[in-house]
Structures are given as C-alpha cells and as structure tokens.
1. Cut-off 10 angstrom, C-alpha nodes, Gaussian network model of the chain. Which of ALA172, ALA181, ALA56 fluctuates the most?
2. Show me, bin by bin at 5 Å from 0, the whole-percent P(r) of region 211-262 based on Cα pairs.
3. Please check: in the Gaussian network model of the chain (C-alpha springs, under 10 Å), which one of ALA175, ALA297, ALA186 has the largest mean-square fluctuation.
4. Pick from LEU66, LEU190, LEU75 the residue whose mean-square fluctuation is largest in a GNM of the chain, springs joining Cα atoms under 10 Å.
5. Once every DSSP H run of n ≥ 4 in the chain is given -39500 (n - 2.57) and the sum is divided by its residues, what mean residue ellipticity at 222 nm do you get, rounded to the nearest 500 deg cm²/dmol?
6. Describe numerically, in nm with one decimal, the distance between label points set 7 Å from Cα along Cα→Cβ at ALA154 and at ASP240.
7. Once R0 is set to 41 Å, what does the formula 1/(1 + (r/R0)^6) return for the Cβ-Cβ distance between ASN120 and GLN275, expressed as a FRET efficiency to the nearest 0.05?
8. Over region 26-327, what is the relative contact order in percent, taking alpha-carbon pairs closer than 8 angstrom and at least six residues apart?
Amino acid sequence: MKKLWPLPLALLGLILSACTGSQEPPLPALVAMGGQDEVRFYRARDLQAGAASPVATWSTPGLQDLANSNAFRRLYLLFPDRLEAYPTSGFTETSVPNDPSVVQALPVDCTGGYLRLGQNKLLVHCPGTQKAFLFGLPDPGTPEEADLTGLDPASRLALLPQEGLDLLAYLAPGALGFRPAEAPGATPRLEKPLNPPLQTPWDLRADGQGRLLGLGTTPTEVRLYTLQGEEVPSRKVLADFPRPSRLALDPVGGGVAYGQGFQVLFPRESPVQRQFDTYTAGLVGQDGYLYLVQGQALEVYDLVPSPPLFLRSLNLGFSPTTLAFIPVE
C-alpha cells in the first residue's frame, strides 16, 4: 500500500470546501495558456465540458513563462528582455481586457528563464546567464539580484515563504535547501544532502504549507524529494524512465508530478497514470481539476476521485508550454 501524504485537518477541510471537482457550481475561472508567441484565455468550465474556444488571445512574441498571483490580482509575463504585470481585477469569464501593464526591463538576457511566486516577491531565474532577480509585488520595480554564490549552475530555484520572508530555495544535483536571497551566510538557512544525488534537477516548488518539493532524475529513474523540518525523504515517482519531469501544485487543489505519465501526490496519492504518454505542461487549479498538455492536445481530469477521473481530451490548435489558473468574478 502506498503511503498517503499527511494533511492538517484544517487544510483538508479547506480542500473539501473549496474544490469544485465532482461538485457544482463550478468555480468561475480562466485558464491562461502561453506558447508559440501568444497567450490564450479559456473558461475553465468550458474546458471541463469539452469546448476549446478561447475567450481572448494576446500576441506575446518571445514569451518565456507566465504566473498568476491571486493575492495581488496580477498576471506576470516573462520575456527575454523584460517582465510585464497585468491587473486581473477586470477579468471575467467572458472578457479579458488587455489593460496597460507595468513593464520592467531585465538587466540580462533571460532566454529560457522562468518565474516563481513567493508571498511578497517574484523570482525571475535566468539559467542561461546564471542570474536570478527578485521583484517586489504587486507591481515590479527595480529588480534586486539574488546572490547565487556557491550554487551549482544546474540548480532549480523557487521562493519559500517563512516568517514573513521569501527565502531563496534551491534544488541542486546533490542538495536541497534554502537561504536568504541576498545573504547566503545569513539565517534562516538550511541545506540537506540528497541520497541518491540527482543527475538533473528538473523542478522545485513550495507547496504553501512550508514544504519544498523537488523533482529530478537519477541515471535510472525520477525521484521526488521533500524538505519539511530537518528531514528530506525521497522516493521514486512516475514511470520507469529518467525523463524530464515537472510539478503542478496548488495548496487547495492538489499536487501532481508529470512527464512520462503523471501521478497525483496529494490530497490522495494515485498510482502512475498514462505512463506511456509524455506531458510537457501542466496545471492544478483551485477548482480541483488537472490540466495536462501533450503537443496540441489538452487532457482534463477531476482530482477529487482517486485515481483521478479522465474527463476530456481537446485539440487546442497550438502547443502551450506554460499554464496559469485565474479565478474571476
């Protein structure tokens, strides 16, 4: 029998009350999909019902990544040379106004970069130049460069909210840890070795409950590492292939590892699903639904049952590489 991830009773109650998977009415929301120099916005309930007609499409040449902050009601778009922030307070299920954005230039070429939201900061990691920058929320001003001294260039980065701070978290081939972004030797900080070490770190996420989840490959498999307190347990996940893998997490909706197949991690752990399919983008929404991309196809699953219930496969007509869930009025 597989071990279930422990969840506090308060969080479990929040999950059951907030999720709309297998329930009515659906949560009013949009799913933003970025890729091929554009962002398309879909009604979440349309995708769940099998319709794939976008509410709006923005032209975004050079788009690298996107991230949505529910707390600050901003949608952030990352380009090789800049970061843009769009207010989402005027978004509805039928209208996505392209209001003037706040644009902040980046001091380096961020081709191949990605975004990670913290509690009060937004992290922009530019692996190609081995640089990372912190922007204050909600609207990005002058960036503060994160100090990456001593970190392996292959490290994946994230932000870990702790006691009002957004700490720089990192998954290196041999270690998982966190420290202040501007002062590596200051506190609070913690670093734990990985056993076994990783050949390639692929993804790192904070789950909203104080845990860090890191995903990477050894020469033979995909492994998940969890840092909570002083312990770093690890285990094999997904299928028996050391393939590129990612995490899709929402503290209310659940957590999923995907790549060669997918596997629900919480609130109810599942066996590996669709292990011969390759997924390149994924999203867990606050509504308790999972959205997974294969090329131009989108698969939608209800995460409330265990194993998850397959609902739809839709042809999008383009190949998104990054997804965001945007609750609306």
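1. ALA56
2. For region 211-262, the binned pair fractions read 5, 21, 29, 24, 15, 6, 1 percent.
3. ALA186
4. LEU190
5. Theoretical 222 nm ellipticity from helices: -1500 deg cm²/dmol.
6. Spacing of the two 7 Å Cα→Cβ label points: 2.4 nm.
7. Details: r = 39 Å, r/R0 = 0.96.
It comes out at approximately 0.55.
8. Numbers: 814 pairs, mean separation 40.1, N = 302.
After rounding, I find 13 percent.
The values are calculated or read from the model by the stated rules, or taken from the named source; none is laboratory data. Because the structure is a prediction, the values reported are computed rather than measured. Note: ideal-geometry Cβ built from the backbone for every residue, glycine included; neighbour counts use all protein chains shown. In case anyone asks, the SASA skips ligands and DNA or RNA and just uses the protein heavy atoms, side chains included. Shrake-Rupley method; radii C 1.70, N 1.55, O 1.52, S 1.80 Å.
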